[in-house]
There are 2 protein chains.
Amino acid sequence: MDIVLVNPEIPHNSGCAARLSAGLQVPLHFVKPLGFSLEDKYLKRAGLDYWAMVELSVHDNWDACLSKLADGSDRPIHQRIHLLSARGGKSLFETQFAEDSILVFGSETKGLPAEIMNEYPEQRVYIPIDKRIRSLNLANVVCLATYTAMVSAGVDLPNNDGSHQRDPRADDGVRPGDLV
Amino acid sequence: MDIVLVNPEIPHNSGCAARLSAGLQVPLHFVKPLGFSLEDKYLKRAGLDYWAMVELSVHDNWDACLSKLADGSDRPIHQRIHLLSARGGKSLFETQFAEDSILVFGSETKGLPAEIMNEYPEQRVYIPIDKRIRSLNLANVVCLATYTAMVSAGVDLPNNDGSHQRDPRADDGVRPGDLV
């Protein structure tokens, strides 16, 4: 499983996605342009002290991101990709995901670029919401879609036995910009 | 289904929960003390223009909240309540929810008060995360748990047919404080 944020704008949401990425040990990808600097304090803060545990890649563009993702599996990329969209496609809860699925999310205000949406028209996934609401918060959607996809794929979720064991790297003050 | 936030601290998270509440047409409850005013601009902003569509109740304390919730179903409250906790209990994905389930979430820094946790020891639900991560973002957890519970309960999700139809009340500038 991979999480891809295309042109994210709000640092708090991307930081939340990083916290999730650390909590599930799922790689996180940002595709430029970003609406914030990797040194942004809200980005760092929303990811708390977990940045050292995040497998973060920042890509100059969508094609560069695709090239890197293609290395992750022998399955064709067009079968692995799922485009999370506010409208249209298949419900998140009726979609079958696999261990090598790639979850792609657009920006908070613009969603995914039309060229990406048009390239994989069969791969759109929507989250059911009242038609009067345009969309949910991006970080919320990333969390919901990632867990739902992992359960659908039958991937083992982290074995939470009730304990919390602080990672010593949490004290290193690792910043997002240190990772790329 | 009801969403209860006990002593929420961060207005952005409660605003996100309101946006979710509007998107799923699920009632939202805040139990005082709150870490913010209902006039807080970040609370309003995170709920966008959807406050008029939120069924919000603000309760002076937990007992007052329970009294109101008890009216919602004939089933005993101790069977309906699910306490979302970072650690311990049963996995969210192995828990059976029902249409009259009540999802209870604690504060961002302190979780749920011990007296509530101890009152319903069998009703704890955790979200699987790597043991090195203390918890996920509260708004993310509210979104994930609410959708997962609705799917588990077999509740019909909103029928999103691909259209967005702005509610005329969105232009009324309704604020959270206007609702209670």
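Table: residues versus (1) open to solvent by 30 Å² or more (accessible area, probe 1.4 Å); (2) in contact (Cβ under 8 Å) with a residue 40 or more places away in the chain; (3) in a helix (DSSP H, G or I).
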| residue | (1), (2), (3) |
| --- | --- |
| B:SER67 | yes, no, yes |
| B:ARG87 | yes, no, no |
| B:GLN96 | yes, yes, no |
| B:GLU99 | yes, yes, no |
| B:VAL104 | no, yes, no |
| B:ASN118 | yes, no, yes |
| B:PRO128 | no, no, no |
| B:ASN140 | no, no, yes |
| B:LEU144 | no, yes, yes |
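Check segment A:122-130 and report whether any residue there is more than 21 Å from B:SER163 (Cβ to Cβ) and of a type in the set (D, E, K, R). No - not one qualifying residue is present in segment A:122-130. Scanning segment A:86-122 for residues being touching a helix residue (DSSP H, G or I) at 6+ places or on another chain (Cβ under 7 Å) and not β-branched (Val, Ile, Thr) gives a total of 12.
Within segment A:1-20, count every residue that is more than 10 Å from chain B (Cβ to nearest Cβ) and part of a helix (DSSP H, G or I). Here the count works out to 3. The selection criterion, being within 23 Å of B:GLY111 (Cβ to Cβ) and part of a helix (DSSP H, G or I), holds for B:LEU43.
Report every pair of residues separated by at least 6 positions or lying on different chains whose Cβ atoms are under 8 Å apart, first residue within segment A:27-38 and in contact (Cβ under 8 Å) with a residue 60 or more places away in the chain, second open to solvent by 30 Å² or more (accessible area, probe 1.4 Å) and of a type outside the set (Asp, Glu). That search, which allows pairs on different chains as well, returns A:GLY35/A:ASN7; A:GLY35/A:ILE10; A:LEU38/A:VAL58; A:LEU38/A:ARG175; A:LEU38/A:VAL180. Is it the case that B:LEU179 is of a type in the set (A, V, I, L, M, F, W, C), open to solvent by 40 Å² or more (accessible area, probe 1.4 Å) and either modelled with pLDDT under 90 or under 15 Å from the mean Cα position of the chain (by Cα) (or both)? It is true that B:LEU179 is of a type in the set (A, V, I, L, M, F, W, C), open to solvent by 40 Å² or more (accessible area, probe 1.4 Å) and either modelled with pLDDT under 90 or under 15 Å from the mean Cα position of the chain (by Cα) (or both). Checking A:SER73, A:SER57 one by one, the residue that is part of a loop (DSSP other than H, G, I, E, B), open to solvent by less than 60 Å² (accessible area, probe 1.4 Å) and either more than 27 Å from A:HIS12 (Cβ to Cβ) or small (Gly, Ala, Ser) (or both) is A:SER73 and no other. Would you pick out the residues in segment B:146-180 that are within 18 Å of B:GLU94 (Cβ to Cβ) and either in a loop (DSSP other than H, G, I, E, B) or out of contact with any helix residue (DSSP H, G or I) (no Cβ under 6 Å at 6 or more places or on another chain) (or both)? Matches in segment B:146-180: B:THR146, B:ALA149, B:MET150, B:SER152, B:ALA153, B:GLY154.
The values are calculated or read from the model by the stated rules, or taken from the named source; none is laboratory data. Just so it is clear, the structure is predicted and the values come from calculations on it, not from any experiment. Backbone-built Cβ (ideal geometry, glycine too); neighbour counts: all protein chains shown. For the accessible areas, the whole protein counts, side chains as well, though only heavy atoms, and no ligand, DNA or RNA atoms are used. Shrake-Rupley method; radii C 1.70, N 1.55, O 1.52, S 1.80 Å.
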